[in-house]
1. Within segment 25-66, track down each residue that is of a type in the set (Gly, Ala, Ser) and either closer than 16 Å to residue 11 by Cα or under 10 Å from the mean Cα position of the chain (by Cα) (or both).
2. Testing residue 50 on (1) open to solvent by less than 40 Å² (accessible area, probe 1.4 Å); (2) part of a loop (DSSP other than H, G, I, E, B), one condition comes back false. Which one is that?
3. Could you look through segment 19-28, keep only residues that are at pLDDT 95 or above and open to solvent by 40 Å² or more (accessible area, probe 1.4 Å), and pick out the one that is farthest from residue 43 (Cα to Cα)?
4. Of the residues that sit in segment 53-66 and are farther than 11 Å from residue 23 by Cβ and hydroxyl-bearing (Ser, Thr, Tyr), which one is least open to solvent (accessible area, probe 1.4 Å)?
Amino acid sequence: MPDGSSSALPLYEVTVTREDAGWAVTVDGVPGSVQVGTFAELDPAVRGLITEGTGTKDFDVFWNYV
């Protein structure tokens, strides 16, 4: 996966799909998923999922919209 960054932080690949009731999100290597009602809720929900699932607060995110 090309990330285009030179950061030493862990990189998590996020897959976002549009659902009838909002957005569904999965993160490679992180257990669980999230669903949000608005696009504005995506970033904080994904960052919370990653932090909860990995215990790390410092990371980069690569977004895939499908």
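1. Correct list: 29, 33, 45, 48, 53, 55.
2. So residue 50 meets the others, but not (2).
3. 28
4. Per the criteria, the residue is 56.
The values are calculated or read from the model by the stated rules, or taken from the named source; none is laboratory data. Values in this document were obtained by computation on a predicted structure and should not be read as measured data. All Cβ positions, even for glycine, are placed from backbone atoms using ideal geometry, and neighbour counts span all protein chains on display. The area values use the complete protein model at the heavy-atom level, side chains included, leaving out ligands, DNA and RNA. Shrake-Rupley method; radii C 1.70, N 1.55, O 1.52, S 1.80 Å.
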